[in-house]
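One structure below.
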Amino acid sequence: MFTIEHEFDATVITLVDEGDDPRDYLQEDITIQSFEDCVVLEQMDDQTEAVSRIVFSHAQLRELAAALNLPEGVYRLRQNNS
């Protein structure tokens, strides 16, 4: 399950890890905040009880999205100049 909220300066997506099987090891919710200049991922670390944060540029996020569907290798995304 996930939620999408539009706030003043960001779009916030929350990914909720859910399952019916009590043997599933569920993770804490992940919050994705998309700002004009970056994208921030946050997740509570249940062992340290601190929030882990990763900040992506929009270019890094585009590369991550492309990488999820490619085989092993080294790649460079090309800009469309049309």
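Side notes on the structure shown:
- Of the GluC sites (Glu not before Pro) in the chain, the ones in a loop by DSSP (not H, G, I, E or B) with at most 13 other beta carbons within 10 Å are GLU7, GLU18, GLU36, GLU49, GLU72.
- Whole-percent carbon and sulfur share, accessible surface of the chain, 1.4 Å: 51 percent
- Over the chain: helical MRE at 222 nm, DSSP H runs n ≥ 4 each giving -39500 (n - 2.57), nearest 500: -3500 deg cm²/dmol
- Note on the range 1-44 and the range 53-74: Cα centroid distance 18 Å, given to the nearest whole angstrom.
- Cα radius of gyration and Dmax for the chain (Å): 15.9, 52
- Loop-located trypsin sites (Lys or Arg not before Pro) in the chain (DSSP state other than H, G, I, E, B) with a sparse environment of at most 16 neighbouring Cβ atoms within 10 Å: ARG23, ARG76, ARG78.
- Sorting HIS6, HIS58 by accessible area puts them as HIS6, HIS58; the probe is 1.4 Å, largest comes first, and only protein heavy atoms count.
- The range 1-55: chymotrypsin sites (Phe, Trp or Tyr not before Pro) in DSSP loop, at most 11 other beta carbons within 10 Å: PHE8, TYR25
The values are calculated or read from the model by the stated rules, or taken from the named source; none is laboratory data. Just so it is clear, the model here is predicted, and its values are computed rather than measured. Using ideal geometry, Cβ is built from the backbone for each residue, glycine included, and neighbour counts are taken over all protein chains shown. Calculation scope for accessible area: heavy atoms of the full protein, side chains included, ligands and nucleic acids excluded. Shrake-Rupley method; radii C 1.70, N 1.55, O 1.52, S 1.80 Å.
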